[in-house]
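Notes follow once the structure below has been shown.
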Amino acid sequence: MTINRNIPEVRRNTAERIKNRSKHLPQENRNWLGHTGGAACIDEKLLDGATMNELSECRGAVTEHLRHLELEHGLRVSDGVIRRFVPPD
C-alpha cells in the first residue's frame, strides 16, 4: 500500500486523461499513476475501454491490478464486457 497518495489529485488527473489523452504523454517511463510496463499498459487501455482479454495482453494478474486501482488510487473501473475507468465525480 502506498502512503500519502493524493487520491483527489489522482482522480482529477484521470478525468483529464479521459477527456483529452493527446495532452498527456507518459513521462520518464511512468504514467500519471506511477505505473510502468504492463500495469501502465492496462491503465492506458482503461482510458478507452478494453475487454479482459485485451487487458490480459498487457500482463497477468489483471483482476489484482483493477483491485489495486480501486483500493490504492481511488479509481473505479466499470464492470461488464468492456472495462474502462468510470469518470470521477
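Scanning for something surrounded by 12 or more Cβ atoms within 10 Å (Cβ to Cβ), outside any helix (DSSP H, G or I) and at pLDDT below 95, does segment 4-14 turn up at least one residue? Yes, segment 4-14 has at least one match. The residue of segment 64-89 that is modelled with the lowest pLDDT, among those that are among the acidic types (Asp, Glu) and outside any helix (DSSP H, G or I), is 89. Only a single criterion out of (1) in a helix (DSSP H, G or I); (2) under 14 Å from residue 17 (Cβ atoms); (3) modelled with pLDDT of 95 or more is not satisfied by residue 44, namely (3).
Return yes or no: is residue 55 touching a Cys at 6+ places or on another chain (Cβ under 9 Å), part of a helix (DSSP H, G or I) and at pLDDT 95 or above? Answer is yes for this residue.
Can we say residue 61 is more than 25 Å from residue 89 (Cβ to Cβ) and modelled with pLDDT of 95 or more?
Answer is yes for this residue.
The values are calculated or read from the model by the stated rules, or taken from the named source; none is laboratory data. Just so we're clear, the structure is a prediction, and the values are computed from it rather than from any experiment. When we count neighbours, we look across all protein chains shown, and the Cβ atoms used for this are built from the backbone with ideal geometry, even at glycine.
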